[in-house]
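For reference, the structure is listed below as C-alpha cells.
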Amino acid sequence: MIGYTSVGTNDLTRSGAFYDALFECFGAVRVMVVSDFIVWGQSADSPCFSVHVPFDGKPATVGNGTMIALAAQSRQQVDEVYQKALALGGTSEGTPGPRTDDGFYAAYFRDLDGNKLNVHFMG
C-alpha cells in the first residue's frame, strides 16, 4: 500500500550521502534524482524512500511523533543498519533490542536533519 515515504532536509547533498551509505544495507539505490529530491528503492515501482527540500522554500523541520519504519530481513540487519546510521553521524533514539514479547526487534535513530527512523524485524 505504501508507494513511498518522505522526510525533509535542509542540505540535499549531505542527506543524499547519508542515505546512499545507509541504504547499501538494504541493497537500495537511487531510483530518481531531481534538483530538490532524491528517491531510493530496489526499483522505481517498489515502495521507496525519499528526501526532499521543502516545496514552500521554508526550512525543513522534524515532525514530533513522526517516524519512518524500515523493515529488516533479520535481527543482524537491524543491528547493522543502526550501527551504520550512528557511524554516518545519526543519533540514537533507542538501541537494538526486543520491544515486545512477540518477537518485535527494533532500533531507533535520527538522521542528520533530525528525522526519526526505526529499523525492525519480526521473528
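Below, the figures for the structure above:
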item	result
Coordinate range along principal axes, alpha carbons of segment 14-57, Å, largest first	32, 23, 13
Per-residue HN-Hα couplings for segment 19-24 [Karplus 6.51, -1.76, 1.60; θ = phi - 60°; Hz; x = Gly/Pro]	6, 4, 5, 5, 6, 4
Table column - 3J(HN,Hα) (Hz), segment 99-112, Karplus curve with 6.51, -1.76, 1.60, x for Gly and Pro	10, 9, 7, 9, x, 6, 10, 8, 9, 10, 8, 10, 7, 5
Magnitude of the charge dipole, the chain, Cβ model with Lys/Arg +1 and Asp/Glu -1, debye to 20	100 debye
Relative contact order of the chain, defined on C-alpha pairs under 8 angstrom at six or more residues apart (%)	25 percent
0 to 90° range, to nearest 10: angle between helix 75-87 axis and the chain longest Cα axis	40 degrees
Debye, to nearest 20: dipole size of segment 36-88, +1 on Lys, Arg Cβ, -1 on Asp, Glu Cβ	140 debye
Charge dipole (segment 1-92, unit charges on Cβ, about Cα centre) - positive-most of Gly65, Val7, Val53	Gly65
Kirkwood Rh, angstrom, the chain [1 / mean 1/r, Cα pairs]	14.7 Å
Apportionment of accessible area to carbon and sulfur, segment 11-123, percent (1.4 Å)	54 percent
Residue-normalised accessible area of segment 1-78, given per residue in Å² at a 1.4 Å probe	61 Å²
Vicinal HN-Hα couplings computed from phi for segment 65-71 (Karplus, 6.51 cos²θ - 1.76 cosθ + 1.60; Hz; Gly/Pro x)	x, 7, 8, 9, 9, 9, 7
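The values are calculated or read from the model by the stated rules, or taken from the named source; none is laboratory data. Given the structure is predicted, the values throughout are model-derived calculations rather than measurements. Glycine also receives a Cβ, built like all others from the backbone with ideal geometry; neighbour counts cover every protein chain displayed. Just the protein is used for accessible areas: all its heavy atoms, side chains included, with ligands, DNA and RNA removed. Shrake-Rupley method; radii C 1.70, N 1.55, O 1.52, S 1.80 Å.
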